[in-house]
Amino acid sequence: MGSRILPFVVAASLSVIVLFTPASGVPTAPPGTDKVVHFLLFALLMATGTYARLPSGPLAIVLLGYAAVSEVLQWLITVLNRSGDVLDALVDVAGVAVAYLVVHWRSRGTAHRV
């Protein structure tokens with residue numbers, strides 16, 4: 001695994017920062033930007049985890065759990081002054097699913113090359 005794990009560790013660290021920064025530290029952005037960030041963040045986690053050769057099925061399950069837990073924690077940890085959002089969690093799931101499908105589609109394409 002070695003250096004292949006580093007991008008995943010960086011992505012996971014980034015996700016903790018993005019998901020658990022108090023609301024006062026989150027920059028203002030156009031409406032819907034947070035959904036794009038959620039999608040890209042979870043797609044990045046899935047892609048880098050797969051690049052690190054983590055088993056994609058279990059990785060996807062862990063990331064789906066992380067999506068749910070992160071939203072619950074945003075709702076429960078009052079010092080964050082953030083709110084959990086079911087739609088954010090659904091967008092997280094979409095990011096994981098799209099990355100999973102792209103990775104598997106690409107791996108099937110390379111398996112058929114001679």
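Can you find a residue that is surrounded by fewer than 17 Cβ atoms within 10 Å (Cβ to Cβ), touching a Gly at 6+ places or on another chain (Cβ under 7 Å) and either in a helix (DSSP H, G or I) or without any contact (Cβ under 8 Å) to a residue 12 or more places away in the chain (or both) anywhere in the range 41-60? Scanning the range 41-60 turns up no residue that is surrounded by fewer than 17 Cβ atoms within 10 Å (Cβ to Cβ), touching a Gly at 6+ places or on another chain (Cβ under 7 Å) and either in a helix (DSSP H, G or I) or without any contact (Cβ under 8 Å) to a residue 12 or more places away in the chain (or both).
When V103, V79, V72 are checked against the criterion of being β-branched (V, I, T), farther than 19 Å from T21 by Cα and either touching a Leu at 6+ places or on another chain (Cβ under 9 Å) or part of a helix (DSSP H, G or I) (or both), a single residue qualifies: V103. Filtering the range 1-20 to residues that are of a type in the set (V, I, T) and either closer than 15 Å to A89 by Cα or in contact (Cβ under 8 Å) with a residue 40 or more places away in the chain (or both) leaves I5, V16, V18.
Each reported figure results from applying straightforward, stated rules to the coordinates on display, with no laboratory input. Predicted model, so just to flag it, every value in this text is computed and none were measured. Here Cβ is always computed from backbone atoms with ideal geometry, including for glycine, and neighbour counts include all displayed protein chains.
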